[in-house]
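Step one of this worksheet: look at the structure below.
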Amino acid sequence: MTRFVKALLAPLVIALCAMLFAPRADAQTYPVRTITFLVPATNGSSMDIMARQIAPILSKRFGQPIVVENRVGASGNIGVLQVARSAPDGYTVLVAANTISAAPWLYRNLQYDPVADFAPVAKLAVTKFALIVHPSVEAKRTSDFIALIKNNPGKLNYASPGIATPHHLAMELFKQTVGVDVIHIPYKGTAGALNDLIAGQVQCTFTPVHTVLPYVQAGKLRILGIASDKRVPWFPDIPTMAEEGINGVDSDGWAAFFVPVRTPADIVKRLSEETLAILAQADFRETALRQGVVVDPAGPEGLAELLKSDLAKWRKVVAQGKISGD
């Protein structure tokens with residue numbers, strides 16, 4: 001080999017060696033720059049609460065900044081799609097709600113697949129939904145309410161913040177499961193729905209317990225039953241619906257971390273382990289509880305199973321209720 005040819009090949013050999021032996025962008029080197037938690041909802045939502053509580057703690061553990069970005073629009077689908085199209089490198093994390101499991105059945109032109117486009121990282125927490133009524137409703141427990149509706153079909157109204165919202169879907173699940181007829185009155189937001197419920201213009205709603213805490217404590221609204229497998233810490237004397245023998249109506253709203261599907265497995269593993277370690281801290285759980293959120297962690301496998309089961313559940317509810325978010 002001539003000296004001239006050697007001179008030409010030398011840079012190529014060096015470049016090839018650099019590519020072969022360059023450090024991998026794995027959990028040992030990750031993260032080396034700012035991570036973004038993208039929340040497809042407004043400030044104050046359970047997703048936002050969790051993101052802002054975890055971010056500073058995880059930032060210290062990682063030694064890198066973490067910013068929380070709220071990207072609202074199209075019922076959260078704009079933000080979810082943004083993450084789906086992001087680089088799969090662990091630097092963009094979706095803070096999703098359980099609405100992601102209903103979206104495929106609600107929107108005809110959804111441009112992402114919650115299973116195919118995302119890798120589950122960790123389930124973070126839940127918000128507990130409950131059946132809430134105006135004090136004028138003559139029912140003390142969920143079973144009383146079901147009997148009341150069956151004796152007065154189509155005469156009671158329920159409020160929701162809008163069509164295809166979690167509140168709407170929770171009530172539709174309840175209606176379909178127990179076989180009752182309650183008329184839907186959709187509002188443009190939670191404030192209007194609660195104001196008319198407090199005023200007695202509508203008789204009931206399904207809503208996260210923490211959103212009605214002051215009204216229940218003041219006697220302006222009454223909780224009949226908790227649509228979850230466990231009682232809520234704020235009202236430990238109120239039974240779950242399952243305790244009354246009413247099964248299949250659980251409608252916890254959950255928040256979770258996902259990343260784009262091709263994110264390296266070791267990065268997903270580190271994100272999950274660090275997040276779960278934070279969620280295990282007693283002071284963290286107490287702070288979340290004061291904000292109306294119950295920490296309820298699960299790893300990637302548990303979150304994947306939850307997403308799978310919720311996709312099946314909401315597909316049936318949406319189809320039977322002929323609900324559309326478009």
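Only the coordinates and a few stated rules stand behind these numbers; no lab work does. In this text, all values refer to a predicted model and were calculated from it rather than measured experimentally. So basically every Cβ, Gly included, is an ideal-geometry build from the backbone, and we count neighbours across all protein chains shown.
What the table shows:
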quantity: Estimated distance in nm for a label pair at N109 and V67, the labels positioned 7 Å out from Cα along Cα-to-Cβ; calculated: 3.0 nm
quantity: Cβ crowding within 10 Å averaged over residues, with 73-84, 168-179, 152-163 ranked highest first; calculated: 168-179, 73-84, 152-163
quantity: Percent of alpha-carbon pairs separated by more than 26 Å within region 129-244; calculated: 8 percent
quantity: DSSP beta bridges in the chain [antiparallel fraction, %, rounded to 5]; calculated: 60 percent
quantity: Helical contribution to [θ] at 222 nm, DSSP H n ≥ 4, -39,500 (n - 2.57), averaged over the chain, rounded to 500; calculated: -12500 deg cm²/dmol
quantity: Coil-residue trypsin sites (Lys or Arg not before Pro) of region 271-326, DSSP, other Cβ within 10 Å capped at 11; calculated: K322
quantity: Global geometry of region 276-316, whether rounded, prolate or oblate, following the gyration tensor of its Cα atoms and the 1.5 cut on a/c; calculated: oblate
quantity: Extent along principal axes [Cα atoms of region 49-188; Å; largest to smallest]; calculated: 60, 35, 25
quantity: Region 129-244: Lys pairs at Cα distance under 24 angstrom, eight or more positions apart or on different chains; calculated: 12
quantity: Computed over the chain: relative contact order in percent, which uses C-alpha pairs under 8 Å that are six or more apart; calculated: 27 percent
quantity: Prolate/oblate/rounded call for the chain, Cα gyration tensor, a/c under 1.5 rounded; calculated: prolate
